[in-house]
1. Against the conditions (1) under 20 Å from the mean Cα position of the chain (by Cα); (2) exposed (fewer than 10 other Cβ atoms within 10 Å of the Cβ); (3) over 30 Å from Met115 (Cβ atoms), where does Glu34 fall short? Just the number, please.
2. How many residues are open to solvent by 100 Å² or more (accessible area, probe 1.4 Å), over 30 Å from Asp130 (Cα atoms) and within 47 Å of the chain's Cα centre (by Cα) if we restrict to region 1-31?
3. Within region 102-131, can you find the residues that are under 25 Å from Thr36 (Cα atoms) and more than 15 Å from the chain's Cα centre (by Cα)?
4. Is there any pair with a first residue in region 81-98 that is of a type in the set (Lys, Arg) and a second that is open to solvent by 30 Å² or more (accessible area, probe 1.4 Å) whose Cβ atoms are under 7 Å apart and which are 6 or more apart or on different chains, and what are they?
5. Looking at Phe108, Phe134, can you tell me which residue is aromatic (Phe, Trp, Tyr), open to solvent by 30 Å² or more (accessible area, probe 1.4 Å) and without any contact (Cβ under 8 Å) to a residue 40 or more places away in the chain?
6. Report yes if Met33 is among the aliphatic types (A, V, I, L, M) and modelled with pLDDT under 95, otherwise no.
Amino acid sequence: VNFVLLGANGKKLEFKREFDKPDTSWGESTAGMEDTVPTPWTKPVLNKDDSVSVWNRKITFNGGPFPENIFANGKKMLVKAPYLVINTDKGQVIPTGKITKRTQGGSFVKFNGEMTSKDGFAADFETMVDFDGFVQVDFKLKKAYPVKSMQVKWQVEKEFA
């Protein structure tokens, strides 16, 4: 890089500096981003009834972002479906959900949908079920809403606790 500095008094100072550009090619890497399933896992399968079969589990959904239940070797793992509780200045709100889009990937199943309540709560959700059975839920509020806190309430069957 060549620098030229001009002073208020008309003096000119010139100098040159060289810099070694670091190797940043790793930043363009897609390692770990492949839509493939490593062994010994198997591809999760989206069924017609919005259930997902994965890793000796069947995860059922009924419109909302959270599993309605999870079955392991045919046994129910949840006492009842998890649900979202929003605490506001006016009390608790429990929104309902609706799945609007389903995506079968090579290593995942994704559900997109909406959650709403009568008092104006509105959010989009994205639920991912990965090849290892991990379920991740993300929310995005559609408009301002007076949330003091939010909780996901769920209860596991004693055998799986």
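The values are calculated or read from the model by the stated rules, or taken from the named source; none is laboratory data. Every value quoted in this text rests on a predicted model; they were computed, and no experiment measured them. Cβ placement follows ideal geometry from the backbone for every residue including glycine, while neighbour counts extend to all protein chains displayed. Note: areas computed on protein heavy atoms with side chains; ligands, DNA, RNA excluded. Shrake-Rupley method; radii C 1.70, N 1.55, O 1.52, S 1.80 Å.
1. The single condition Glu34 does not satisfy is (2).
2. 6
3. Answer for region 102-131, where residues must be under 25 Å from Thr36 (Cα atoms) and more than 15 Å from the chain's Cα centre (by Cα): Gln104, Gly106.
4. Lys98/Glu114
5. Phe134
6. Here the answer is yes, as Met33 does meet what is asked.
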